[in-house]
């Protein structure tokens, strides 16, 4: 037994072996993402965005070599995210924390960023409050209220008087519901009813029927990406709600590339708001999509663009500090930074450190063989409205 | 067991500390000097070990399979987190209150749990776990729902040790609690009460016939296990200063069974060894290959179950016959 235990301990010591010291000319970026579990695809797409940026721009910035250390958080696991962030800081001596697909994980890691004074770039997680949790944190993705308040306002201005909202019953869904309703009513519209659908394995037909009974001019829908957009598309079609007689609105997830593929022609006419789609028509985006396809064999999505622009921000901030990786220097450099992204013009709000960008209004239309999101209107320079309302 | 005539003598012999146990606990102090940058991981291993020991008490000793043990873990975590959020950040009392809340819930649910066996038992414990998860999800005004519980601020431990970035305080605290829990569990399983649990596991009908009320004893151990799970949860909430729905999730219950199976059920230290092996392996494998590391975990699980049916400790005991007779 004693020998066996010694063996065990030896095994542990071997596993926990020391990590060798690195040259000082290296800037280390610790990337925390879900690479396994149900959010793995999000993690991979985001990471591919990071990889593409580094392929295109090399791994040297301001005379320093960039090294990325990737960690799998495995899903919604804030305690793991926090531990990984702690370990990256104290053991791997990373200078920058990045990634973060999911809100709870980003919130937990933000505490480490605040405590250790490390620059942190949130490349996806979309809850408004995240940026308030560390003064060294910036975001390059999107916030849910940013999209949906802009959208609610736009829908009211477009002449729609009454809507019914149907959202998934979890954090982002509730945020979407609140933001859309708030802006829609502020702009003179009327919400005639709302319903929350369980987030796991919902059967939409009863909920869709309720929406139909309320007889609104339009329905606003928020469901998480994946299999649900297609399911709700089918439910709408089977209850006779088509974009022809009832306007269907939603946040961009419901017409993501995969969702459109499975909905087919049922999707034509759905109007959505989002900050990025691979069909966005600009020379820069066409180039980005081609390069992404060449490297990874698929189209980029909002996660890819979050990772790509996140790296853009890190590189640019490092250029500006001349390679100094101090948290305060980097966040000061990032504040107010403006650039042209494949998604269009964007910047980092100098006050809130959150992303400022264009929200595109798109309609699903038949383009050749497939249905795709076609942008037909936009709201420029949208800030996160929740933080604008917060007392300073 | 053969050859020992007097049960008191037998139990007394079991109570004595083996040198290997002393060596084991001394080895648990090694991370402070050998791998000081791994202390956050070490403290989460200690917490998982506490949780595993609590499951072992009902699964390994009393034979109650539970797929919803995370309910008590999560309840302890949320209780401790909410107390700290409400302004009482003293860690030690928060720990006890977290444990007590989980224990109370364990006692109440125990009345249902001990009535059923086999498949029904799995379903009921699974149901309790899912129920509590959904309650916490719905009560987002209280728990923060999907975003997790924000603003858990802990006071320094004993008024002087802050929870630092390197995790010194967190590991020392978790290790001390783990030691106390194992000490208590050790006394428990080597008492006449613990012996009667094993007898109930082997033949539940016979025990009442010889004067030991099966259900009452099962309820007692279920309450104790729930309390310990709650203490583990409270510890996680305090050391990470964050609670999420993950603390209550089915995945956490299922992972715990994997840990216990790897370590060895019904052997006090099985949960501790399982937690160490599983979490260190997970950390190493996911570091090497962030995308496909579950493959290796699966391989390890199959390997353990095929070749070491009683877990790592069971396998070691077979390799060392002297020890196997003793345990």
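The values are calculated or read from the model by the stated rules, or taken from the named source; none is laboratory data. It should be emphasised that the depicted structure is a prediction, and the values quoted were computed from it without experimental measurement. Cβ atoms come from the backbone with ideal geometry, glycine included; neighbour counts cover every protein chain shown.
Before we move on, is residue A:240 in the same structural domain as residue A:163 (by TED's automatic domain parsing), assigned to a loop (DSSP other than H, G, I, E, B) and at pLDDT 85 or above? Taking the combined requirement at face value, the residue does not satisfy it.
Being away from chain A (no Cβ under 12 Å), farther than 21 Å from residue B:17 by Cα and part of a helix (DSSP H, G or I) is a condition met by at least one residue of the stretch B:248-255. Scanning the stretch B:203-241 for residues that are within 15 Å of the chain's Cα centre (by Cα) and within 18 Å of residue B:63 (Cβ to Cβ) returns B:221, B:222, B:223, B:224, B:225, B:226, B:228, B:229. Suppose the filter is surrounded by 24 or more Cβ atoms within 10 Å (Cβ to Cβ), in the same structural domain as residue A:117 (by TED's automatic domain parsing), part of a helix (DSSP H, G or I) and in contact (Cβ under 8 Å) with a residue 24 or more places away in the chain; does residue A:315 pass it? The answer is no for residue A:315. Of all residues in the stretch A:104-131, which are more than 25 Å from residue B:284 (Cα to Cα), touching a residue at least 12 places away in the same chain (Cβ under 8 Å) and facing chain B (nearest Cβ under 9 Å)? Result: A:127, A:129. Set side by side, the residues B:172, B:100 differ, and just one is crowded, with 16+ Cβ neighbours inside 10 Å, more than 14 Å from chain A (Cβ to nearest Cβ) and closer than 22 Å to residue B:31 by Cβ, which is B:172. Evaluate the stretch A:72-95: report whether one residue or more is more than 9 Å from chain B (Cβ to nearest Cβ), crowded, with 19+ Cβ neighbours inside 10 Å and farther than 24 Å from residue B:163 by Cα. No, that holds for no residue.
Yes or no, residue by residue, for (1) touching a helix residue (DSSP H, G or I) at 6+ places or on another chain (Cβ under 9 Å); (2) crowded, with 24+ Cβ neighbours inside 10 Å; (3) within 30 Å of residue B:146 (Cβ to Cβ); (4) at pLDDT below 90:
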| residue | (1), (2), (3), (4) |
| --- | --- |
| B:192 | yes, no, no, yes |
| B:199 | yes, no, no, yes |
| B:208 | yes, no, no, yes |
| B:223 | yes, no, no, no |
| B:240 | yes, yes, yes, yes |
| B:248 | yes, yes, yes, yes |
| B:272 | yes, yes, no, no |
| B:291 | yes, no, yes, yes |
| B:304 | yes, no, no, yes |
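When restricted to residues that are closer than 22 Å to residue A:84 by Cβ and either free of Cβ contacts under 8 Å to residues at least 24 places away in the same chain or facing another protein chain (nearest Cβ under 10 Å) (or both), the stretch B:18-55 contains 13.
Only one entry of A:2, A:7, A:14 meets the criterion of being surrounded by fewer than 20 Cβ atoms within 10 Å (Cβ to Cβ), at pLDDT below 90, within 30 Å of residue B:269 (Cβ to Cβ) and touching a helix residue (DSSP H, G or I) at 6+ places or on another chain (Cβ under 6 Å), and that entry is A:2. Screening residue B:290 with (1) touching a strand residue (DSSP E or B) at 6+ places or on another chain (Cβ under 6 Å); (2) in a helix (DSSP H, G or I); (3) more than 27 Å from residue B:126 (Cα to Cα) gives one miss only, at (2). Can you confirm whether the stretch A:202-223 contains a residue that is within 14 Å of another protein chain (Cβ to nearest Cβ), farther than 25 Å from residue A:301 by Cα and part of a strand (DSSP E or B)? No, the conditions are met nowhere in the stretch A:202-223.
Inclusion of residue A:245 among residues that are free of Cβ contacts under 8 Å to residues at least 12 places away in the same chain and in the same structural domain as residue A:150 (by TED's automatic domain parsing) is warranted. Within the stretch A:341-379, the residues that satisfy the criterion of being buried (at least 16 other Cβ atoms within 10 Å of the Cβ), assigned to a loop (DSSP other than H, G, I, E, B) and out of contact with any strand residue (DSSP E or B) (no Cβ under 6 Å at 6 or more places or on another chain) are A:342, A:343, A:352.
Which residues, taken from the stretch B:129-149, are within 24 Å of residue B:170 (Cα to Cα), within 25 Å of the chain's Cα centre (by Cα) and within 9 Å of chain A (Cβ to nearest Cβ)? Across the stretch B:129-149, the qualifying residue is only B:148.
Hey, among the residues in the stretch B:135-154 that are in contact with a helix residue (DSSP H, G or I) (Cβ under 9 Å, 6 or more places away or on another chain) and surrounded by fewer than 16 Cβ atoms within 10 Å (Cβ to Cβ), which one's modelled with the lowest pLDDT? Per the stated criteria, the residue is B:151. Restricting B:57, B:95, B:26 to residues that are at negative phi and out of contact with any helix residue (DSSP H, G or I) (no Cβ under 6 Å at 6 or more places or on another chain) narrows the list to B:26.
Apart from one condition, residue A:61 fits all of (1) touching a helix residue (DSSP H, G or I) at 6+ places or on another chain (Cβ under 8 Å); (2) within 24 Å of residue B:40 (Cβ to Cβ); (3) more than 10 Å from chain B (Cβ to nearest Cβ); the exception is (2). So for the stretch A:168-181 (the condition being under 28 Å from residue A:49 (Cβ atoms), out of contact with any strand residue (DSSP E or B) (no Cβ under 9 Å at 6 or more places or on another chain), crowded, with 24+ Cβ neighbours inside 10 Å and more than 14 Å from chain B (Cβ to nearest Cβ)), does at least one residue qualify? Checked against the condition, which is being under 28 Å from residue A:49 (Cβ atoms), out of contact with any strand residue (DSSP E or B) (no Cβ under 9 Å at 6 or more places or on another chain), crowded, with 24+ Cβ neighbours inside 10 Å and more than 14 Å from chain B (Cβ to nearest Cβ), the stretch A:168-181 yields at least one hit.
The set of residues from the stretch B:293-318 being at the interface with chain A (Cβ under 9 Å from one of its Cβ atoms) and in a loop (DSSP other than H, G, I, E, B) comprises just one member, B:293.
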